[in-house]
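The values are calculated or read from the model by the stated rules, or taken from the named source; none is laboratory data. Keep in mind the model is a prediction, meaning the values are calculated, not measured. Positions of Cβ are backbone-derived with ideal geometry, glycine not excepted, and every protein chain shown enters the neighbour counts. What goes into the accessible areas is simple: the full protein's heavy atoms, side chains included, and nothing from ligands, DNA or RNA. Shrake-Rupley method; radii C 1.70, N 1.55, O 1.52, S 1.80 Å.
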Amino acid sequence: LQKISDQCRAACQHLTAMTNNMTRVRLVMKKENVLLLLDRLILEYKEKYPEINFKYNKKTTTYAMIDEEYFKEAVNQLVQNSVDALLEKNPPQKIIEFANSNVNQWVIISLSDNGGGISQKELGKIFMPFYSTKPKKTNWGYGLSIFHSIIRLHDGHVSVDSELGHGTTFSIFLPNLQ
């Protein structure tokens with residue numbers, strides 16, 4: 001038991017260090033058409049999760065300076081969180097909807113799901129490394145922390161709107177290049 005405990009402690013320390021070191025990551029930023037990138041990602045998600053209805057409310061072409069690989073990882077972490085919420089709640093129709101817009105100096109990308117939602121008490125903790133309401137056996141609680149760190153590295157920020165029992169909307173704000 002001591003050996004297992006030591007290995008778990010070492011793994012947790014490693015993951016904490018990895019999350020904390022996100023600020024030292026060197027991004028390769030390029031001007032990207034976010035609309036086209038999301039189109040490609042949504043096609044992948046539709047294939048991977050055929051039981052979920054992915055929608056994309058395309059409002060306008062949006063450009064932002066992003067590191068494509070890291071940005072895709074951030075979106076993947078967010079989508080996985082929504083997929084988990086939908087599979088846990090199991091509504092008759094499972095929906096994840098993307099939307100994009102330009103508002104003043106921001107490109108806004110929203111992802112909404114009709115999963116179980118997040119309580120007000122939990123909202124303040126969701127970006128903390130290792131925080132999760134899911135069983136620890138299947139979830140280490142670092143997905144949303146990594147998502148949040150990557151968006152901050154892009155000089156962006158995130159807002160979350162959630163109603164327990166009805167779903168959640170995450171909005172990503174990135175500097176607009178138009």
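Do we find that Leu123 is modelled with pLDDT of 90 or more and either surrounded by 19 or more Cβ atoms within 10 Å (Cβ to Cβ) or farther than 29 Å from Lys31 by Cβ (or both) in this structure?
No, not satisfied.
Among the residues making up the range 126-169, those that are at positive phi and at pLDDT below 90 are Phe130, Gly141, Gly165.
Pairs meeting the criteria (first residue in the range 95-110 and farther than 14 Å from His154 by Cβ and open to solvent by less than 60 Å² (accessible area, probe 1.4 Å), second residue at pLDDT 90 or above and β-branched (Val, Ile, Thr), beta carbons under 6 Å, at least 6 apart or on different chains) are Ile96/Ile52; Asn100/Ile109; Ser101/Ile108; Ser110/Thr169. Summed over the range 21-67, residues that are open to solvent by less than 50 Å² (accessible area, probe 1.4 Å), in a helix (DSSP H, G or I) and either closer than 15 Å to Leu174 by Cα or in contact (Cβ under 8 Å) with a residue 60 or more places away in the chain (or both) total 5. Can you confirm whether Glu73 is of a type in the set (D, E, K, R) and in contact (Cβ under 8 Å) with a residue 60 or more places away in the chain? Answer is yes for this residue.
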